[in-house]
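One structure is given here, and the rest of the page talks about it.
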Amino acid sequence: MSLLLASAWLTLPACHSDAGKADDSDIPVDPWLDPDAPPALALQTPPPASFVDPGATAVAGEAIHAEGVTVSGTTATVAAGRFAADLDLPSGITTLEVAGVDPDGNPLTDSGSVLAGPFAQPDGEVAEALRIRLGAGAFAELGPLLGSLLDPAALSAQVTALNPVLDTAAARIDLEGVSFDAATIALVPADGELLVDISIPNFVLGIDATVYDALPFGIDLSLSPELKADEVHLTTAIGLTLDATGHVDATVAPLQAELVAFDLDTGILELVDWLFVDDDDLADTIEAQLAALGDDLEPALDSALAGIAIDLQTELLGAQLALAGTVTELALDPSGLTLGLGMAIDTDVPTPDVPGHLTFPAPPPPTSDDVALQISDAFLDRALFELWAAHALDLDLPLGAEDAAILFVFGGQGSGNLSLSAGLPPGWLERGGEARMQLGELALTVDTPGGDYGDRVELIAAIDAAAALEVTPDAAGIVLSGADVKMRATGDSARSPELLAALPTLTTAFGLGIGAINDQLSFPLTDLLGPDAVLPTLAFQRDPSGVATLVELSVADLLPLLGLPTTTQTSTTSTTGLSVAIPPGATVSDGDDDVPGDGVVSWVCSRDDLVVQGDGGTWYVDDNGEVRIEGTGHTVYAVDGATVVLESAGNTVYADPGADVRDNDGTNAVTVYDPLTFDLASAPSPGC
């Protein structure tokens, strides 16, 4: 009805109606034309909890006897009991705040939150959800650490598996265990491949040689010489490619082995050398056998790389969660290696009938020279959407005497209940150079029997808070701070003058109490990584792209993630050195064994490996000997070339700088003396 027709209708003279005809009171009058209609202002389009396109958005609603109407600060047009305004909405959650006054100047308000896209359907993978970067600097640091983990015992097992290395009518030669000083490994990234250079110094290889008919009357000669080389030098190249199925294929170039300054022991062996076995021929044979060790490297790498694909079922915040991911990107060049993973997340509940989750373009790869992990905002938005859809972010919290402060804020006392439920999925995005997490149309209900604001307080809130990912050794989650909270009363609470007067105070208190939500957004790492998971505390920052979160790690941080032990060499160093007397009552350990007893005092000989399972022992570890401590309360003395592996806490090690001490527990006391030597004057005889 036009304004002109309506005015004419209202100015017609009144007349008495006949029976059966409606009088004037039965004729409906539009509220905006009724002077007695109460003033009202209500947001209607888009309705609260809507999913909308970003950009220009028409906002409209009811405006009964309302003047000076604005929508989020933009002046609205008002006509025929309606208001309208056009707003430019950014991606994310926006709270549309409608404000005006009635003819007497009293404020009129309403609000509602909407989520502006773009959106992605919550199925399939999020492209480049995660990126892992190993820069050239990381490879340079990782190589020496891996070299310190090269175990003579493990290499001995591989070497002896090659026996016999020589089997002719003249002689048979078998290889025994090896010993060597700490190896160095150089890892150098190149275009499409990783160059590997391994140097193993002071390499000693035991040999069991039988020379047939070496003595008169056809008697064989059995010898146990040692093959010695100043260095074993191994080189290869590992090529990495990505196939169409997302599998990383490794190709290993033939392993090249060289024995530097190789010779057999002197004495009778020189005669054997001259008559039966040529040094150079034996060196060629040994080099060929060492090179054959590379045949096992490619299958081992393929097996390890197959584990990059993620297929995990777990429970997170009460929701059954399935994670699936494959490698979608591989770049290897002289600057380093970048792996990109596409990730899908699904829960065991039906997907809500909504457009999808907030999404952003994939960020460019990180360029760190060290180790970096990049997490795209699109992946975090997908994860938050799935948790929201499964109601995993909802909160239902009984309130008791220990929650008196919360009850007091909402006018209650004694006991009650607080519940939260979000009408929109949370959004994760960047604003002003920092990550923000947004929650919209968050229904907050607090049962407060006999409370100052009634038996129940019903509010609708919107939260926009600074957000950070946090990983500690035992938990991971999201930490919110500096929350901007907008809140309105709803239901019966909207008609409570006392509550409306207290609403600004409640809004402030809710923002300060955002920590309750932080608890809901944190979960133990064991849910995803297993009970033995140990991670360093990580400091995340925004990626320069503005659409991702980035964390840079040290190589030491990376080792536990790769399942590798860290290596600790020293806590203090003495410049005067230390000479340790081996007591006459020490047991001579001249073989490989497990030692379960307590209080053992032992001299560990060269090329002998002990696993110590008891407690409170004392160990004197000779050059090329090894002890692995699984108990506690031990004291270990280790000379140059010895290896000590500490798997548990409460042990003390005194070591020469050339000893390899691996504190896998990370809490033991390790002191280096330069040099540390053994005084054998009172040592048991015969000893090592």
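So the values come out like this:
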| quantity | calculated |
| --- | --- |
| Candidates 100, 105, 135, 92 - the one that is farther than 30 Å from residue 60 by Cα, out of contact with any Pro (no Cβ under 6 Å at 6 or more places or on another chain) and not hydrophobic (A, V, I, L, M, F, W, C) | 135 |
| Among (1) over 20 Å from residue 591 (Cβ atoms); (2) in a loop (DSSP other than H, G, I, E, B); (3) not basic (Lys, Arg), the one test that residue 654 misses | (2) |
| In the stretch 159-199, the residues that are among the charged types (D, E, K, R) and touching a residue at least 12 places away in the same chain (Cβ under 8 Å) | 172, 174, 176, 181, 191, 193, 197 |
| Those residues of the stretch 583-609 which are open to solvent by less than 50 Å² (accessible area, probe 1.4 Å) and among the charged types (D, E, K, R), in sequence order | 608, 609 |
| Given (1) open to solvent by 60 Å² or more (accessible area, probe 1.4 Å); (2) on the phi > 0 side of the Ramachandran plot; (3) not basic (Lys, Arg), index of the condition residue 219 fails | (2) |
| Candidate set from the stretch 360-379 (those that are open to solvent by less than 30 Å² (accessible area, probe 1.4 Å) and under 20 Å from residue 52 (Cα atoms)); member that is nearest to the chain's Cα centre (by Cα) | 377 |
| Of all residues in the stretch 47-68 being aliphatic (A, V, I, L, M) and under 49 Å from the mean Cα position of the chain (by Cα), the one that is most open to solvent (accessible area, probe 1.4 Å) | 56 |
| Selection from the stretch 632-653 of residues that are of a type in the set (Ser, Thr, Tyr) and closer than 11 Å to residue 604 by Cα | 637, 643 |
| Count of the stretch 76-110 residues which are small (Gly, Ala, Ser) and open to solvent by 20 Å² or more (accessible area, probe 1.4 Å) | 6 |
| The stretch 390-412 residues that are more than 24 Å from residue 317 (Cα to Cα) and open to solvent by less than 70 Å² (accessible area, probe 1.4 Å), paired with ones that are in a loop (DSSP other than H, G, I, E, B) and of a type in the set (Phe, Trp, Tyr) (beta carbon under 6 Å, 6 or more apart) | 411/453 |
| Where a residue in the stretch 334-356 is closer than 24 Å to residue 52 by Cα and its partner, wherever it lies, is buried (at least 21 other Cβ atoms within 10 Å of the Cβ) and among the basic types (Lys, Arg), with Cβ under 8 Å and at least six apart | 345/382 |
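The values are calculated or read from the model by the stated rules, or taken from the named source; none is laboratory data. All values reported here derive from a predicted model rather than from experimental measurement. Backbone-built Cβ (ideal geometry, glycine too); neighbour counts: all protein chains shown. Side chains included, ligands, DNA and RNA excluded: accessible areas come from the protein's heavy atoms. Shrake-Rupley method; radii C 1.70, N 1.55, O 1.52, S 1.80 Å.
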